[in-house]
Amino acid sequence: MLKEIKYQFGVETFEDVLLKILPKIDDPVVEQKERELENAKEQQKQKEQQQQAEKDLKRIAEEGDIQGLDSPESTLAPDTQPGASLDGRDITRSWFVENFGMSSDEIIDVLKKSQSDLGNEALTLMAPLIAAEHKAILKHFSSEALYDELPLNDSDYSILNKRIERLSLPFRRFLKSWRESQTDEEREDAYSLWSQMVNKSERISSRESAILAEASQLLMKNGLMDAKGLIESGVPSTAPKLANLIKSHGWLFDIEVAGKGTKSNQRGLFYDMNRGSAIIKNSGRFIGSLWEADGRLEVDSRGVPRLVLPFSSVNATNYVETLKGVMSVSAVKAEGSSIVFMGDRAVLKACEMAHDFLKEKRAASTVIQKAIKGDERAIQLFAYQNSVPAKQVSLLKKWKMTQEDLINEVLGDE
């Protein structure tokens, strides 16, 4: 039974008891509490550093003449978010873009070019914020506790964050190999494999880089295009080579496959920049390219014409809505892996817009346009072309014409 309470200097709180008294007791529970307290202190320290760095960066943006940090894109601009702080929020893997409209690499480039004392000060202050953003990237795959252990550099995190989905599997393999490694040599080998994979993905000649840069500019300006359209617009390559180049390295320029015109032909792929909206600035080329790939004209059971274009995309509905707006028609829909124009008005408008971009299907476009406009011979030819062979013979006998005569009357000037 305790007979006397002795005061020990320096022990004021329960935390002091855990840190100064209980460590003398050999107890796993106590050891766990000690670790938790140390981790909590470290996290609080990092959080305070991040908060102070953010405040200092904002002050520099307000006081200094560093172009870019106080741009309208920045949510930390003086007149848009006074007194900004982290307020207990976690920094996300896109924190710099969200708050400054630029990545940390771009901001560093701006600060270096400023060649000012404020710029140098900002570079120092950015270190804990960059570290926090890197930890957020790492947290997407694993525990951020690995941050101090992994030999990843700024370039690793930058390329990983830019293409987090594409590099997800190889990076997870790297993490697994790293954790399972028993020696420093094994860990070095694991990182070397990851580094080689990233370097290979970026290994591209200056000529190929220029080709993809030009393709990305055209896509940004014109919206959805296929390889053939890009070539015709001035990209110095061939369609198959450009398609393969985009497949292997297009992601470095934010070029992605937006949809597929056919299921097997790579030249049927359509490309766009990585963005949320669907943009089709040359609808005629888009329709013509799909029609040439494997499109078809048909008539439903009611005798209504339909133009069916093969196009599969997770964004197909948005492209259909864009076409409706550009064409001022409503009878267009995404149906399975196709875009379908239904009825005289929609089919006629599609044919008129695509006509100059057609080669193999130009004759079919001419026939349906004339038929919709009431040309009797064109109506007969369209009916003939959409009938079974036995019916075709019957129709020619009824009209007292040969196939050649019928085609010549409709397409003689084509």
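Annotations
- Selection over region 346-396 of residues that are outside any helix (DSSP H, G or I) and either in contact with a helix residue (DSSP H, G or I) (Cβ under 6 Å, 6 or more places away or on another chain) or in contact (Cβ under 8 Å) with a residue 12 or more places away in the chain (or both) gives a count of 7.
- Of the residues making up region 148-164, none is crowded, with 19+ Cβ neighbours inside 10 Å, touching a Leu at 6+ places or on another chain (Cβ under 6 Å) and closer than 30 Å to S283 by Cα.
- Against the criterion of being under 30 Å from V235 (Cβ atoms) and modelled with pLDDT under 85, E214 does not qualify.
- Checking L307, L290 one by one, the residue that is touching a Cys at 6+ places or on another chain (Cβ under 8 Å) and surrounded by 17 or more Cβ atoms within 10 Å (Cβ to Cβ) is L307 and no other.
- Residue count, region 200-253 (criterion: surrounded by fewer than 15 Cβ atoms within 10 Å (Cβ to Cβ) and on the phi > 0 side of the Ramachandran plot): 1
- Some residue of region 175-188 being within 26 Å of S103 (Cα to Cα), in contact (Cβ under 8 Å) with a residue 12 or more places away in the chain and of a type in the set (A, V, I, L, M): yes
- Counting only residues that are polar (S, T, N, Q) and within 25 Å of A363 (Cα to Cα), region 291-327 holds 1 of them.
Yes/no per residue for (1) buried (at least 18 other Cβ atoms within 10 Å of the Cβ); (2) polar (S, T, N, Q):
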position	(1), (2)
T366	yes, yes
K370	yes, no
D375	no, no
Q380	yes, yes
S387	no, yes
S394	no, yes
W399	no, no
I407	yes, no
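- Residue that is surrounded by the fewest Cβ atoms within 10 Å (Cβ to Cβ) [pool: residues in region 165-199 that are of a type outside the set (D, E, K, R), within 21 Å of the chain's Cα centre (by Cα) and in a helix (DSSP H, G or I)]: L169
The values are calculated or read from the model by the stated rules, or taken from the named source; none is laboratory data. Just so you know, these numbers come straight off a predicted model, no measurement behind them. Counting neighbours? That spans all protein chains shown, and the Cβs are built from the backbone with ideal geometry, glycine included.
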